[in-house]
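The structure appears right after this line, and notes come after that.
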Amino acid sequence: MGAPGSGKEKVVSDWLRDAIYRVHREQPELWGQALGERARVGQIFRALYETDPFLGGWDIDLEWNREGVHGGPKPQAENTSGYGTPDIAVHHRGMAGPEHNLLIVEFKNALSHGGSNYKDRRKVKWWMAKYSYRFGAVIALGPTLRQFGPTGIWLRLDESGKPIEKPWH
């Protein structure tokens, strides 16, 4: 699936990291004001789209909340209400299995919500297990230019389909 240290895992992790740093470098005003998470995530999505190392082989979607092509909204993780809307999904729309679901990401502004990291980790793990996303990330974006350093966790599916986490960059 996503063997530890596999070439594809490194490519995907570096692609995400580079997109975040590119937006920070090219659009510092996004960290110079008290902006909401979506303003930053939208630009990170655009940077991912513009620098796709797979040359268009994947659909890169912002706030994708559908199961399959004609399915209803993705349900939220267990024991929560509502529907699921991951910030960024890299997949083949409408297809099932790990060969069609590459990356799912949740972002937060570092100071936005105290307990959100646990909730977001649970959501990403649940989406990975349910939809077989090979990789996942939960990333906190620093609040200012000086405190920018994104932190979080990186997840990959092990051979049994269970998400395994480790610190991210």
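Listed values, structure above:
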| item | result |
| --- | --- |
| Residues of the range 22-56 classified as free of Cβ contacts under 8 Å to residues at least 24 places away in the same chain and among the hydroxyl-bearing types (Ser, Thr, Tyr), total | 1 |
| Residue that is least open to solvent (accessible area, probe 1.4 Å) [pool: residues in the range 135-153 that are outside any strand (DSSP E or B) and either within 10 Å of VAL105 (Cα to Cα) or among the small types (Gly, Ala, Ser) (or both)] | GLY142 |
| The range 55-72, subset open to solvent by less than 50 Å² (accessible area, probe 1.4 Å) and in a loop (DSSP other than H, G, I, E, B), residue modelled with the highest pLDDT | TRP58 |
| Matching residues in the range 80-131 - criterion: being closer than 19 Å to ALA39 by Cα, part of a strand (DSSP E or B) and modelled with pLDDT under 90 | LYS108, ASN109 |
| Filter pass, ARG156 being assigned to a strand (DSSP E or B) and either open to solvent by 20 Å² or more (accessible area, probe 1.4 Å) or in contact (Cβ under 8 Å) with a residue 40 or more places away in the chain (or both) | yes |
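The values are calculated or read from the model by the stated rules, or taken from the named source; none is laboratory data. None of these values were measured; they are calculated from a predicted model. No Cβ is skipped: glycine too gets one built from the backbone with ideal geometry, and neighbour counts run over all protein chains shown. Side chains included, ligands, DNA and RNA excluded: accessible areas come from the protein's heavy atoms. Shrake-Rupley method; radii C 1.70, N 1.55, O 1.52, S 1.80 Å.
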